[in-house]
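The values are calculated or read from the model by the stated rules, or taken from the named source; none is laboratory data. Nothing here was measured: the structure is a model prediction, and the numbers come from that model. Please note: Cβ atoms are built from the backbone with ideal geometry, for glycine as well, and neighbour counts cover all protein chains shown. Heavy atoms of the whole protein, side chains included, go into the accessibility calculation; ligands, DNA and RNA do not. Shrake-Rupley method; radii C 1.70, N 1.55, O 1.52, S 1.80 Å.
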Amino acid sequence: MLNLLIPHDLPQARPERPGTALQPLRLGGSTMGTDWSVTCHMPRGMQADTIRDAAEAVFAEIIRQMSTWKPASLISQFNRLPLGGAIELPAAFAHVLEVTLQVAAATDGALNPCLGAETSRLGFGPASDPSAPIETSRDAWRTLAPTGATLTRRASYQLDLSAIAKGHAVDLLAIALRDLGITRFLAEIGGEFVAGDPKSDGLPWWVDIETLSAATRWRVALCGQALATSGDYRKMRFENGQRLSHITPHPDAMPGHGDLASVSVLHASCAMADAWATGLFASGPATGLFLANQHGIAALFQFRDRPAAPSDTLKRMQD
């Protein structure tokens, strides 16, 4: 069964300017421990290396600022600061932190960027110093509000922005493409997508949401929007009969409403879609679906043991 999702505000195809000549291109590579790709219609005469260089410059800057796997990154430097130490925030870091805190507040800390040490302890992050004191309070994220462009370390948590950084990188990749004069594109990093204008033939960029079953598929008409998915369907393992995930569930996440595998979110911003997907997944299916409906989030909850559950906003996109 194929479910088509078509946003009501899908932009109409705009005719090309007279004299415009476009050529199709697809390129990609590896970054941030996953793959990236760009499919686009670029001005004839432009070199693919120009696009590749722009993409890799975006990735390098995000890694320099927000990779917990790089000891020299800005976030790793912050995590080594003594209490009271501070860093100056570049624009990308500040934006990702702002998005994180917005969704953390909306989900009562289900999206929690202060659980880096817990992620590492479970084997899903870089090894951390076992002698370092670690803040275990679920409310540590509330100490993260910066003062202007300055972020001060007020508790002994390990900051981890991985749940949003990749989505923001896709947003920046889309900006880089538009700066090159490319408006018809589908950009992706590890299953997080941003689409530009419709293709030259006027059709949208059709994107299939990754599913656990081939029997039911969900396909999105993506134009001028982003799609992000979070869950434990890729990163998880069993230990003593218990499933462990890189996403720590909220303490109040309610079991018994299905074995949730993933949450996919459509949003104008891929950083925001990424943040909400993680926050809704960590909230658990009952609370997550309630929050999605409360905040008007277009979200799809997929389960291992029951049919998928779309939020009210997503239901209105079904054909």
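In the assembled protein chains, Asp208 presents an accessible area of approximately 70 Å² (probe radius 1.4 Å).
Proximity of backbone amide H atoms, modeled 1.01 Å from N, is registered between Val220 and Leu5, Val207, Asp208, Ile209 at under 5 Å, excluding neighbours fewer than 5 places apart on the same chain.
If Lys and Arg each add +1 and Asp and Glu each add -1, what is the summed charge of the other residues whose beta carbon sits under 12 Å from the beta carbon of Pro82? Walk me through the intermediate numbers first.
Details: positive: Arg80, Arg153, Arg154; negative: none.
Taking every other residue near Pro82 into account, the sum is +3.
The trypsin sites (Lys or Arg not before Pro) of the range 31-65 that meet both conditions, a loop assignment by DSSP and at most 12 other Cβ atoms within 10 Å of the site Cβ, are Arg44.
The candidates Trp206, Trp69, arranged from most to least accessible area with a 1.4 Å probe in the full protein assembly, appear as Trp69, Trp206.
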